[in-house]
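The values are calculated or read from the model by the stated rules, or taken from the named source; none is laboratory data. Note that the structure is predicted; figures quoted are calculated from it, not measured. Don't worry about glycine lacking a Cβ; one is built from the backbone with ideal geometry, like all the others, and counts go over all protein chains shown.
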Amino acid sequence: MIFNKIFTFFLILFNVFTTYSQLYSGKIHYKKQLISDSKSNDTKQINSYLSKKDIELKKTLDDINFILQFNKEESLFFVENINMEVEENRYYKLSILTGGNSGIWYLNSKDKSRLRQINAFGQDFLIKSNMNSVSWELINESKKIGNYICFKATSNYVVNNSKGTFNHPVVAWYTDKLPINFGPIGYGGLPGLIMELSVRNVKYYINKIELNPKIESEIMIPTKGKMVSEEEFEEIGKNMMQSFKKAF
């Protein structure tokens, strides 16, 4: 009797482990939220502007859904198709651009490649980098998000522009119960799915999880734009700002 109970317990445990360890594909829905950082000049300026516009912007953010589509080796993060009414809303572009993380993000965990497709400076770019360029520090802190126990990891987001070099803290909460090493806006490489991510003045958080353990979805790699490195893209931005200043 006792043996049968022990056997049944381990059989259930094995089935659960097998299901999660063989996740072939899925779709994760995220929402985006503005957060306050009193130390950030960007946030002070944005909050000053939003003090008059926050109601309209919040309504627009509530209508926007971000998707993380993944299979065993790849992921794609993008804004879900929305209706024309929302897209024509004058706060739509502001909602997407706030935080500087717009575009489509592709990750490949096998070769550790990262690709971002973005329209900037009047043209399309494909910015290539490496997943390992993000150095995580795993913190001994946990909290529950939905039904999952999540653990904290921190990193830094470095911005180089005409004004100088700036370091912005990155905070991720991931769960090892979902062994998917992807997350929003090109972040990944952790021991599980990123359930919540805070960068600069924005936070991405899980809204819905769809898992398809037996069906592998095809990820379309972004191909539109001029291929450049992160350093080359930053240099283009600096040159554009200098040209703009000279013109005025």
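Here is how the numbers come out for the structure above:
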read-out: Leading residue by the ranking (farthest from residue 201 (Cα to Cα)) among those in segment 137-178 that are of a type in the set (Gly, Ala, Ser) and part of a loop (DSSP other than H, G, I, E, B); value: 146
read-out: Matching option when the condition is at pLDDT 85 or above, of a type outside the set (S, T, N, Q), surrounded by 16 or more Cβ atoms within 10 Å (Cβ to Cβ) and under 30 Å from residue 150 (Cβ atoms), among 220, 195; value: 195
read-out: Yes/no for residue 201 being buried (at least 16 other Cβ atoms within 10 Å of the Cβ), within 14 Å of the chain's Cα centre (by Cα) and modelled with pLDDT under 95; value: yes
read-out: Meets criteria (part of a strand (DSSP E or B), touching a residue at least 12 places away in the same chain (Cβ under 8 Å) and either farther than 15 Å from residue 75 by Cα or of a type outside the set (Ser, Thr, Tyr) (or both)) for residue 211; value: yes
